[in-house]
Amino acid sequence: MKYFNRIIVHIFTGYLLLTTLAASTANAGENESDITEKLILGWIENIYLQPSGMKTKAKLDTGAKTSSIHAKNIEHFEKDGEPWVRFQFASNTKLKEEKYTNGKSKKVVTLEAPITRRALIKRHKHTSLERPVVELPFTIAGVEYTAEFTLTDRSKFLYPVLLGRRFLKHVAIVDPGNTFLKTRTQPKIDPEPEPEPANNKNDKAEDA
């Protein structure tokens with residue numbers, strides 16, 4: 001009887017091992033499939049804002065939670081009873097202020113979008129800021145996506161658009177050693193990193 005019980009225990013243990021192995025294999029297959037479906041992008045890529053089609057550089061930053069976009073002259077208004085925002089965007093963050101006001105620069109476009117929510121930005125040794133968040137469509141590597149962006153003046157940064165984890169986790173794997181892997185339509189940029197202001201470390205934690 002004891003011998004029979006030992007056989008049953010061995011059979012049951014083997015069954016558990018096989019079940020666990022099968023589940024692990026299935027999960028590995030799912031994860032591998034998920035990875036192979038993602039784009040491999042450099043830490044800088046070109047994107048095209050829609051519907052204007054304006055081309056601009058975007059920094060792909062896995063250290064930032066939420067994406068952000070350069071926004072000047074932000075105006076709040078209502079449309080059909082809902083809060084909307086109007087702002088000016090430039091593909092060059094160092095563009096002179098007068099270029100935004102006279103409307104003569106081809107590098108400036110006016111965008112409008114409904115406000116989806118508001119993000120509270122915590123800043124080191126500074127009071128917190130509340131920023132509007134909008135959903136904007138754009139194209140990268142020939143595919144159109146929509147992502148949430150906080151609106152902020154990125155004049156202190158080199159790149160006008162930052163794509164954070166909320167967008168990247170579903171779409172791309174970032175190769176930090178390369179740029180323009182899928183959107184190389186121009187010479188490779190200077191590999192020097194983007195200069196960061198002193199409070200950038202906390203600005204990256206966009207919202208909870």
Legend entry - Selected residue [modelled with pLDDT under 90 and on the phi < 0 side of the Ramachandran plot] from Lys106, Lys156: Lys106
Inset, instruction - Answer yes if at least one residue in the range 93-101 is more than 29 Å from Leu41 (Cα to Cα), within 21 Å of the chain's Cα centre (by Cα) and assigned by TED's automatic domain parsing to the domain that holds Ser52, and no otherwise. - result: no
Inset, instruction - Scan the range 117-138 for residues that are surrounded by 13 or more Cβ atoms within 10 Å (Cβ to Cβ) and in contact with a helix residue (DSSP H, G or I) (Cβ under 7 Å, 6 or more places away or on another chain) and jot them down. - result: Ile121, Lys122, Arg123
Inset, instruction - Can you run down the residue pairs with Cβ atoms below 8 Å, 6 or more apart or on separate chains, where the first is in the range 172-185 and touching a residue at least 40 places away in the same chain (Cβ under 8 Å) and surrounded by 15 or more Cβ atoms within 10 Å (Cβ to Cβ) and the partner is polar (S, T, N, Q) and not in a loop (DSSP other than H, G, I, E, B)? - result: Phe180/Asn46; Thr183/Asn46
Legend entry - Residue list for the range 122-142, restricted to those being in contact with a strand residue (DSSP E or B) (Cβ under 9 Å, 6 or more places away or on another chain) and β-branched (Val, Ile, Thr): Val133, Val134, Thr139, Ile140
Legend entry - Selected residue (criterion: nearest to Val85 (Cα to Cα)) from residues of the range 138-159 that are in contact (Cβ under 8 Å) with a residue 60 or more places away in the chain and small (Gly, Ala, Ser): Ala147
Legend entry - Residue that is within 16 Å of the chain's Cα centre (by Cα), surrounded by fewer than 20 Cβ atoms within 10 Å (Cβ to Cβ) and either within 22 Å of Asn73 (Cα to Cα) or at pLDDT 95 or above (or both), where the choices are Thr150, Thr146: Thr146
Inset, instruction - Please state which of the following conditions Arg166 fails to meet, knowing it meets all the rest: (1) charged (D, E, K, R); (2) closer than 21 Å to Gly53 by Cα; (3) in contact (Cβ under 8 Å) with a residue 40 or more places away in the chain; (4) assigned to a helix (DSSP H, G or I). - result: (2)
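The values are calculated or read from the model by the stated rules, or taken from the named source; none is laboratory data. These numbers come from a predicted model, not from an experiment. Here Cβ is always computed from backbone atoms with ideal geometry, including for glycine, and neighbour counts include all displayed protein chains.
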